[in-house]
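The values are calculated or read from the model by the stated rules, or taken from the named source; none is laboratory data. Every value quoted in this text rests on a predicted model; they were computed, and no experiment measured them. Methodologically, a virtual Cβ is constructed for each residue, glycine included, from the backbone with ideal geometry; neighbour enumeration extends over all protein chains shown.
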Amino acid sequence: MGYQGEDTIFALSSGVERAAIAVLRVSGGESARLLVQLCGKLPPPRQAVLRRIWQDATTRDNLLDEALVLWFPGPRSYTGEDGFELHLHAGPAIIQAVSAALVDHGARPAEPGEFTRRAFLNGRMDLIEAEGVADLVNAETEGQRRQALAQTEGALSRMYDGWAQRLKRVLAFQEALIDFPDEDLPPEVEEGILADIASLIADMERHIAEGQRGERIRRGVVFAITGPPNAGKSSLLNWLADRDAAIVSPIAGTTRDALEIVGSLAGIRVTFVDTAGLRETEDEIEAEGVRRALFHVKQADCVIQMFAADDPPQTVFANAVLVGNKTDIAPVPVEIAGVAVVPISLKTAQGLDTLRQMLEDRVRALTASSSGMPLLTRARHSAGVKDACACLREAMRQDWPEMRGEELRLAMRALGRLTGHVGVEDLLDAIFGQFCIGK
Ligand SMILES: Nc1nc2c(ncn2[C@@H]2O[C@H](COP(=O)(O)OP(=O)(O)OP(=O)(O)O)[C@@H](O)[C@H]2O)c(=O)[nH]1
Ligand SMILES: [K+]
Ligand SMILES: [Mg+2]
């Protein structure tokens with residue numbers, strides 16, 4: 001299934017910030033002609049050569065820049081099409097002039113994600129790998145980088161492809177049962193089919209059970225800081241942010257709007273959300289703040305429940321990190337409702353190192369793979385695996401060979417949609433639309 005994008009597209013593939021070099025990337029069937037038009041004859045494939053870039057090299061009209069040029073003939077290119085890169089001096093006027101020349105000669109600016117979309121359509125990568133590319137470009141932390149790189153290199157795809165292969169084999173046996181109903185096939189055949197389906201279900205269930213770990217690495221672990229007014233929540237946020245992000249005051253009910261800061265812990269992206277102190281209040285604005293606080297507590301991956309030493313709580317949120325602040329004014333209980341209290345003082349800095357370690361442990365626990373399998377990183381993956389798994393469970397319940405075969409085919413289809421091997425046209429805009437331009 002070859003694919004040639006009708007248009008030859010180009011984009012600035014380096015960032016838009018001021019830099020020394022700007023990489024302009026071009027892909028499509030007209031690439032060779034365009035490159036000759038800009039800089040004379042084609043350079044040898046995949047070798048950087050220094051060339052003058054002209055508005056029109058054939059007439060030596062209007063010299064635009066001197067640049068490194070790389071010629072990537074298809075199909076061994078990123079998109080699978082012919083393409084080239086110009087490593088220009090990064091002045092905005094140069095980028096502008098070369099872009100205008102490309103348009104004059106018949107190219108058009110690329111849409112977000114269009115290069116990677118073409119790579120997918122030309123079979124250079126599957127959907128999961130393409131999503132990995134988007135994540136890699138956006139990676140800010142070690143955890144994000146490592147996970148995205150593994151996904152781009154096909155770790156997750158290989159697992160899904162492996163399942164599809166096993167399923168294909170089961171389906172082949174199942175079809176033998178359908179095609180030769182009257183032959184005396186040994187009972188081991190059917191037993192083998194059921195055992196194989198059961199083992200596929202078990203693998204899928206383990207994968208699903210790892211839940212949102214991979215997604216958490218990708219988008220970051222969210223901590224909501226909650227507790228009564230004046231517990232020191234905003235003071236904690238400022239310490240975590242290492243700056244004066246939130247207003248701190250002795251007035252109860254200072255924080256109203258939720259305030260988010262982003263950082264990294266144990267190599268994982270984290271978001272801390274400071275929220276309004278929880279209490280009954282007549283003040284309409286504060287009450288709205290409390291409603292928002294409860295919303296964030298519900299959404300968070302983990303809650304940091306804070307209290308002041310002189311105001312300990314009766315109850316503890318599920319899975320909360322329980323922090324007793326202001327140990328400088330009073331001692332805090334060792335535990336409340338069976339949950340250990342981390343004693344700290346934001347005033348004297350007592351216990352803060354221990355708290356940081358506990359938060360790092362929490363982040364690791366929320367993101368580590370316990371099965372050793374690659375983690376699913378998007379809701380799309382989790383929905384796809386769940387679909388496939390549901391079909392397999394249904395297949396186990398079916399006694400009729402034809403019905404079981406049908407469920408197995410549906411499971412196969414669900415796996416195929418995951419990697420993009422079947423029927424995903426309707427998904428492409430949603431997936432590639434999230435990319436930046438130039439990828
Ligand atoms: N003695 C003492 N005071 C603290 C400590 N941490 C914070 N405070 C003070 O406690 C008061 C309340 O702190 P905040 O950080 O505003 O508390 P909060 O939980 O955000 O309060 P609300 O936003 O009103 O819910 C401020 O006056 C802080 O300076 C501490 O460890 N010891
Ligand atoms: K306060
Ligand atoms: Mg506050």
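When the residues of the range 283-300 are filtered to those that are touching a residue at least 60 places away in the same chain (Cβ under 8 Å) and crowded, with 20+ Cβ neighbours inside 10 Å, which remaining residue is farthest from ligand 2 (Cβ to nearest atom)?
Looking at the filtered set, the residue picked out is ALA300.
With the checklist (1) modelled with pLDDT of 95 or more; (2) over 25 Å from the mean Cα position of the chain (by Cα) in hand, flag the one item VAL303 doesn't pass.
It is condition (2) that VAL303 fails.
Mind checking which pairs have a first residue in the range 202-217 that is on the phi > 0 side of the Ramachandran plot and a second that is surrounded by fewer than 21 Cβ atoms within 10 Å (Cβ to Cβ), Cβ under 8 Å, 6 or more apart or different chains?
From the range 202-217, the pairs are GLY211/SER382.
Is the range 255-262 home to any residue that is more than 11 Å from ligand 1 (Cβ to nearest atom), at pLDDT 95 or above, surrounded by fewer than 16 Cβ atoms within 10 Å (Cβ to Cβ) and within 24 Å of ALA388 (Cα to Cα)?
The answer is no; no qualifying residue exists.
Residue pairs, Cβ under 8 Å, 6 or more apart or interchain, first in the range 388-417 and on the phi < 0 side of the Ramachandran plot, second basic (Lys, Arg) and surrounded by fewer than 20 Cβ atoms within 10 Å (Cβ to Cβ). List them.
MET412/LYS168
Return the residues of the range 417-435 that are modelled with pLDDT of 75 or more, aliphatic (A, V, I, L, M) and farther than 15 Å from GLY113 by Cβ; say none if nothing qualifies.
If the condition is that a residue be modelled with pLDDT of 75 or more, aliphatic (A, V, I, L, M) and farther than 15 Å from GLY113 by Cβ, then LEU418 is the only one that fits.
Which of the residues belonging to the range 64-122 are β-branched (Val, Ile, Thr) and more than 26 Å from GLN434 (Cα to Cα)? Spell out how you get there, then give the answer.
Initially, the range 64-122 is screened for residues β-branched (Val, Ile, Thr), giving 69, 79, 94-95, 98, 103, 116.
Correct list: VAL69, ILE94, VAL98.
Of a type outside the set (Ser, Thr, Tyr) and either crowded, with 20+ Cβ neighbours inside 10 Å or away from ligand 1 (no atom under 11 Å from the Cβ) (or both): which single residue out of ILE247, ILE251, ILE225 fits that description? Don't jump to the end; show me each part of the working.
Values: ILE247 fails: either crowded, with 20+ Cβ neighbours inside 10 Å or away from ligand 1 (no atom under 11 Å from the Cβ) (or both); ILE251 fails: either crowded, with 20+ Cβ neighbours inside 10 Å or away from ligand 1 (no atom under 11 Å from the Cβ) (or both).
Step by step, each of ILE247, ILE251, ILE225 is checked, and only ILE225 is of a type outside the set (Ser, Thr, Tyr) and either crowded, with 20+ Cβ neighbours inside 10 Å or away from ligand 1 (no atom under 11 Å from the Cβ) (or both).
Going by what's in this entry, would GLN174 be described as more than 15 Å from ligand 3 (Cβ to nearest atom), surrounded by 21 or more Cβ atoms within 10 Å (Cβ to Cβ) and of a type in the set (S, T, N, Q)?
For GLN174, the condition - more than 15 Å from ligand 3 (Cβ to nearest atom), surrounded by 21 or more Cβ atoms within 10 Å (Cβ to Cβ) and of a type in the set (S, T, N, Q) - is met.
With the condition kept exactly as written, say whether any residue in the range 39-49 is under 13 Å from LEU86 (Cα atoms) and within 27 Å of the chain's Cα centre (by Cα).
no
Please determine, by comparing only the residues of the range 232-245 that are without any contact (Cβ under 8 Å) to a residue 60 or more places away in the chain and under 29 Å from the mean Cα position of the chain (by Cα), which one is farthest from ligand 2 (Cβ to nearest atom). Don't jump to the end; show me each part of the working.
Narrowing the range 232-245 to residues without any contact (Cβ under 8 Å) to a residue 60 or more places away in the chain: 234, 237-238, 240-245.
From the residues that got through so far, the ones that are under 29 Å from the mean Cα position of the chain (by Cα) too are 237-238, 240-243, 245.
Working: LEU237: 12, ASN238: 12, LEU240: 17, ALA241: 17, ASP242: 20, ARG243: 18, ALA245: 14 Å.
Result: ASP242.
Among the candidates ARG393, ARG409, ARG378, single out the residue that is in contact with an Asp or Glu (Cβ under 8 Å, 6 or more places away or on another chain), basic (Lys, Arg) and surrounded by 14 or more Cβ atoms within 10 Å (Cβ to Cβ).
Values: ARG393 fails: in contact with an Asp or Glu (Cβ under 8 Å, 6 or more places away or on another chain); ARG409 fails: in contact with an Asp or Glu (Cβ under 8 Å, 6 or more places away or on another chain).
After applying the criteria, what remains is ARG378.
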